[in-house]
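The values are calculated or read from the model by the stated rules, or taken from the named source; none is laboratory data. Here the structure is a predicted model, which is why all the values come from computation and not from measurement. Because the Cβ atoms are built from the backbone with ideal geometry, glycine has one as well, and the counts that use them run over all protein chains shown.
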Amino acid sequence: MTFGATPPPSPRPPQSRARRFVPLGVAAWMVLEIWLLTVVAEATSGLTVFLLLVAGVIAGGAVIKRAGRRAWRNLTGGLRSGGAPAAPPETGSSGTGNTLPMIGGLLLMLPGLLSDMLGLLCLFPPTGRLILRRADKLLSRPGAYAPGSFGDAYQQARMHQPDGKVVQGEVIRDDEPPAARRQDPPLTG
C-alpha cells in the first residue's frame, strides 16, 4: 500500500511585532486597571469606586454626544452650502476636530482609572495637540503605507483633506474613442 507524499508545510509569513505584543499589552492593561480599582476600594470604599466608574461613563457619554453633535452640524452645514463649507469647520476643545474628543470620551467610558486619565489627556488641549503630532509622525513615516495597513488607511483619509496630495483634474484615455458629440442640424434659410 502506497501513500502519496505529504506536501511540505507552507511557510508562515513572519508575524508582526504588533500582532505578537498587543494581546500581552491588553492583558497587562486589564490587570493594572483591576489592581488600581482594588487599591482605591481598599483606601476608600466600594461605593466610591462605583461612583467613580459611573461618573466616568456619564462624562464620557456627554463628551461623545457633544462631539457627535458638532460633527453632525459641520456635515449638514457643508451639505447646505453645496458640499464645501463656507466657513472653516468648528474644531473641538483642543482645536483638533472631533477625533480626540471622541477617543477621550470612549476612554472615559471604559471602566478603569488609567483609561479615565488617558481620556482626560485627550480632552486637555495642550496634551491633545502633542498626541496628534506624535500620531501624525508615526503614521506619516515611510514604509507605513503597506496595502491594508492602518498607515495606508490614514494616508487615504488624508488625501481627501485640503492638505492632502490629490490633484484635481480629468483623466483622458487615448485607448477609448472620443464620445460622440451631439450634432446640430445645419441652418437653412
Matching option when the condition is under 17 Å from the mean Cα position of the chain (by Cα), surrounded by 12 or more Cβ atoms within 10 Å (Cβ to Cβ) and modelled with pLDDT under 90, among 118, 107, 138, 123 = 138
Out of the residues in segment 14-63 that are outside any helix (DSSP H, G or I) and not hydroxyl-bearing (Ser, Thr, Tyr), which is nearest to the chain's Cα centre (by Cα)?
-> 15
